[in-house]
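*Asks:* The following block contains the structure, expressed as C-alpha cells.
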Amino acid sequence: MIGVDDGTDMIKPVFPLKKMKVKNALKTFRPKIVISSWMSKGSDWTRDFRKDPSVLEYILLGHPDLTGGDETWGDDEDEMTHSFEKEGFKKVMHEDLSSLQIS
C-alpha cells in the first residue's frame, strides 16, 4: 500500500506519504484498487480513477456532504444513470462502517 497526497489541504501527515497529483500517482503506481480518504470538497478524482485501465475498484471514505461533489457520489437527482454506472462501476454504501472512521 502506498499513501499519496497532493498537499492541497496542507494537512501534516502522520505517516510517510508520496507527494504527487492524482493522475501522476495512477500513472506511476498502476493500482488495481484505490482508497480515497476524505477527498477535498468540490474535487472529484473519481473520473480519473475510472479512466485509468489499471483501476478495477475504488473506495471512497468520507461524508458525501463534506467530500467530493455531486458527480463523485452520484447525488445528482436529475440524471438517471450516473457517470460511474455508465463506466461499469457500482455504488455500494456501507453506512454501518461510518462509526469506525476517525474524524
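The values are calculated or read from the model by the stated rules, or taken from the named source; none is laboratory data. The structure displayed is predicted, hence computed values, not measured ones. In this analysis, Cβ positions are derived from the backbone assuming ideal geometry, glycine residues included, and neighbour counts consider all displayed protein chains. When the accessible area is computed, the model is the full protein with side chains, heavy atoms only, and any ligands, DNA or RNA have been set aside. Shrake-Rupley method; radii C 1.70, N 1.55, O 1.52, S 1.80 Å.
*Asks:* Residue by residue through the stretch 50-65, what is 3J(HN,Hα) from phi via Karplus (6.51 cos²θ - 1.76 cosθ + 1.60, θ = phi - 60°)? Round to whole Hz and write x for glycine and proline.
*Replies:* These are the phi-based 3J(HN,Hα) values: 5, 6, 7, x, 6, 7, 9, 7, 9, 10, 9, 10, x, 8, x, 7 Hz.
*Asks:* A further question follows. As a quick test, which of the pairs K19/K51; K12/K41; K12/K90; K21/K86; K27/K51; K19/K86 have an alpha carbon distance above 23 angstrom in this structure?
*Replies:* Details: K19/K51 21 Å; K12/K41 18 Å; K12/K90 33 Å; K21/K86 25 Å; K27/K51 11 Å; K19/K86 31 Å.
Violating the 23 Å limit, Cα to Cα: K12/K90; K21/K86; K19/K86.
*Asks:* Spelling out what I want: for every residue of the stretch 68-73, take phi, set θ = phi - 60°, compute 6.51 cos²θ - 1.76 cosθ + 1.60 (Karplus), and round to whole Hz; glycine and proline get x.
*Replies:* x, x, 4, 5, 4, 9
*Asks:* Here's another thing I want to ask about it. Considering only protein heavy atoms and a 1.4 Å probe, what is the carbon-and-sulfur percentage of the accessible area of the chain? Write down the numbers at each step before the final one.
*Replies:* Numbers: 4310 of 7890 Å².
Using a 1.4 Å probe with all protein chains present, the chain comes out at 55 percent carbon and sulfur.
*Asks:* Hey, can you find the accessible area per residue of the chain for me, probe 1.4 Å, expressed in square angstrom? Please report the intermediate quantities before stating the final value.
*Replies:* Working: 7890 Å² over 103 residues.
I get 77 Å² per residue for this part.
*Asks:* Within 10 Å, at most 13 other Cβ atoms, and a DSSP state outside H, G, I, E, B define an exposed site. Report the longest part of the chain free of exposed GluC sites (Glu not before Pro).
*Replies:* Values: sites that count: E77, E79, E87.
The reported range is 1-76.
*Asks:* How would M93, M20, M39 rank on accessible area, largest to smallest, probe 1.4 Å?
*Replies:* Details: M93 90, M20 50, M39 10 Å².
Result of the area sort, largest leading: M93, M20, M39.
*Asks:* Now for a different question. Given the DSSP H assignment, sum -39500 (n - 2.57) over each helix run of at least 4 residues in the chain and divide by its residue total; what's the result at 222 nm in deg cm²/dmol, nearest 500? Mind dumping the intermediate values first?
*Replies:* Values: 4 runs with 22 residues, N = 103.
Value at 222 nm, helices only: -4500 deg cm²/dmol.
*Asks:* Tell me which residues come under 5 Å, amide H to amide H, from S37 once H is placed; ignore anything under 5 positions away on its chain.
*Replies:* L61
*Asks:* Leaving ligands, DNA and RNA out of it, rank R50, R30 by accessible area with a 1.4 Å probe, largest first.
*Replies:* On the way: R50 25, R30 105 Å².
Ranked list, largest accessible area first: R30, R50.
*Asks:* What is the set of long-range amide H partners of K18 at a cut-off below 5 Å, with H atoms built 1.01 Å from backbone N?
*Replies:* Here the answer is G3, V4, D5, since their amide H atoms fall under 5 Å of that of K18.
*Asks:* Would you mind checking which residues have amide H under 5 Å from Y58's amide H? H placed 1.01 Å from N; only 5 or more apart, or other chain.
*Replies:* V34
*Asks:* What spacing in nm lies between the two simple spin-label points modelled at R30 and K51, each 7 Å away from Cα in the Cβ direction?
*Replies:* Computed distance between label sites R30 and K51 equals 2.0 nm.
*Asks:* To continue, here is another question. Jot down the per residue volume, in cubic angstrom and as a whole number, of the convex hull over the alpha-carbon atoms of the chain. Please report the intermediate quantities before stating the final value.
*Replies:* Numbers: hull volume 11.6 nm³, N = 103.
Cα-based convex hull of the chain, divided per residue, equals 113 Å³.
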